[in-house]
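For reference, the structure is listed below as structure tokens.
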Amino acid sequence: MEASAGKVTITICFMLAYFALLIWAAFFSKTGKMKDNSIEEFAVGSRNFGWIMVLFTMMGLLITASAFASWFAWATFEGLIVQYMLVYSTVGFLFSYMFAKKIWIWGRKFNLLTQPDYIQLRYRSRFLTTLFGVCSILIEAPWVIMEFAAMGIMVEALTYGVIGAKIGTLVVGAFVISYIIYSGMKAVAVTELIQGFLSSVVIAVGMIAIIYKLFGGFGPLYQQVMSVSPDSLTLTYNGTYTYEYWTSIIITGSLGIMGWASFFSRIYTSRSVMDIKKVSFWSAAIGCVFTALLLIAAMGGILFPEVVEAAGKEMAFFVMAEKAFGPVFLALCGIVVLAAGMSMVSVITNSHGIIITENFVKPFCPNVSSAQRVKIARWSILVYGIIALGIAIGDLPNLYTIALIAYEGITQVVPVIIFSLYWKRSNKWGALLGFTAGLIIAIVVAMLIIIYGQSFVWTGGVIGLAVNVIIHVICGFVCPKDEHVDELFDMIRDYEDEMDGDVKPVLA
């Protein structure tokens, strides 16, 4: 993209205006401020967020900066294969519709703040809880790093290279970390509301506008892609992929949504079960529309040499936006990417800071007060953020490669969660052995594919998932049922009976 003083001025002014809006929302608005200095307020906003606010925090799982940088570039090169995102984003959030209710009820009743808290409640194994805490951070941390890197790429594109990607990463990252430390989930939620609304509107309108401006509509886009790169309209892309691979990444993506530790943090913030159900439905609907429009437009990038060239640097989205409507539209799109990256980073970073505090520090310091735990969480977030930023400004491979490997690991969490919710015989031995075996298999297979180019019919995540489930079921029948499980399930039944009788539940 050619730079001029006028273009750079326009885009930087838009970016500064957006930062000013977020500074007001996070640091000065009433909604973004903590009402008290308690760990529950810092971690989950005292469990009092309305469904629209929870919706946009949940959408941060899907609308990420990496989607605009890495996935857009991937779709430019290889087309239809990338639309696995369209399927998994819809199915994954519909799965959450079924599972989130029980998680919310137990979370409210027992004052749970993290995913490991849930594991400890259900399985009563401190070792398993600690293992899940460590693995959650290690598995999800690559996404934080990816988003920091993608936001740096955005700043470089938005300023036509005047500000480099590494400097952009540091500036944006420091800002995100600062408002998380200031007010925890309250600041995260109010900024997510602004960012989610902006992303949804700009993408819905902007991608349609790009498709009609550059290609003349959806039909002509497909016709032109067919004439230039027919393999882009196949799932196998000239034999590079198999249908089993397509199925595998859909399975791991769809189930993986429920494996995120930060997914639990989002559920805990909601004020009611009905709000959670609304969030799940609308997340699926918005996710379907968002991914379809974004990735269809990306397929058309193969028609423009400058977009293809930019895809190699994961800047195809920005070049196409500038090509369609100039620097003003580029500025709007750049802000959308910035918003998406900040959404993902803020929720995960806050969630991991709470895990470190509640599941690593608190067990060794049981008498530490709620206010002191807030301080520990803030320091944890600061150190965690600095480490992630340090890695993000280094040389990284294609971001979607990191993401796919991360999802292979995240998926291994899912059997533990699903069995814990629906099968009373699920126990700590099945959870521990199944999860460990599945995770090892997923990582080993992924490494073989990357290092040696060794391909398998199914991905490591799916192979590991099958082994994970088999071990979990065997242990469930071999080991005796935990005594406390009946009480937990009775609690769910009683809650449902109260709802059917229109009796408002009272949960401590």
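General remarks:
- Test: Leu439 is in contact with a helix residue (DSSP H, G or I) (Cβ under 9 Å, 6 or more places away or on another chain), at pLDDT 85 or above, within 27 Å of Ser70 (Cα to Cα) and buried (at least 22 other Cβ atoms within 10 Å of the Cβ): yes
- Qualifying residue in the range 279-292 (condition: open to solvent by 10 Å² or more (accessible area, probe 1.4 Å) and over 25 Å from Gly196 (Cα atoms)): no
- Subset tally (residues that are in contact (Cβ under 8 Å) with a residue 40 or more places away in the chain and either open to solvent by 60 Å² or more (accessible area, probe 1.4 Å) or not in a loop (DSSP other than H, G, I, E, B) (or both)) for the range 226-240: 5
- Test: residue in the range 312-319 that is farther than 19 Å from Val8 by Cβ, in contact with a helix residue (DSSP H, G or I) (Cβ under 9 Å, 6 or more places away or on another chain) and not acidic (Asp, Glu): yes
- One residue stands out in the range 328-358 among those that are more than 16 Å from the chain's Cα centre (by Cα), farther than 30 Å from Ile10 by Cα and among the aliphatic types (A, V, I, L, M): the one that is surrounded by the fewest Cβ atoms within 10 Å (Cβ to Cβ), namely Ile356.
- Search result, residues across the range 359-383 that are within 24 Å of Arg124 (Cα to Cα) and open to solvent by 10 Å² or more (accessible area, probe 1.4 Å): Phe360, Val361, Lys362, Pro363, Phe364, Cys365, Pro366, Asn367, Val368, Ser369, Ser370, Arg373
- Looking at the range 1-74, the helices (runs of 4 or more DSSP H) lying wholly inside it that each contain 1 or more residues that are within 28 Å of Lys323 (Cβ to Cβ) sit at 5-23, 51-59.
- Inspection of the range 91-107 finds a residue satisfying the criterion of being open to solvent by 20 Å² or more (accessible area, probe 1.4 Å), modelled with pLDDT under 90, assigned to a helix (DSSP H, G or I) and touching a Lys or Arg at 6+ places or on another chain (Cβ under 7 Å).
- Restricting the range 143-163 to residues that are outside any helix (DSSP H, G or I) and of a type in the set (A, V, I, L, M) leaves a set whose member that is least open to solvent (accessible area, probe 1.4 Å) is Ile163.
The values are calculated or read from the model by the stated rules, or taken from the named source; none is laboratory data. All of these numbers come straight from a predicted model, not from anything done at the bench. Cβ sites come from the backbone with ideal geometry, for glycine too, and all protein chains shown count toward neighbours. We work out accessible area using only protein heavy atoms, side chains counted, and drop any ligands, DNA or RNA first. Shrake-Rupley method; radii C 1.70, N 1.55, O 1.52, S 1.80 Å.
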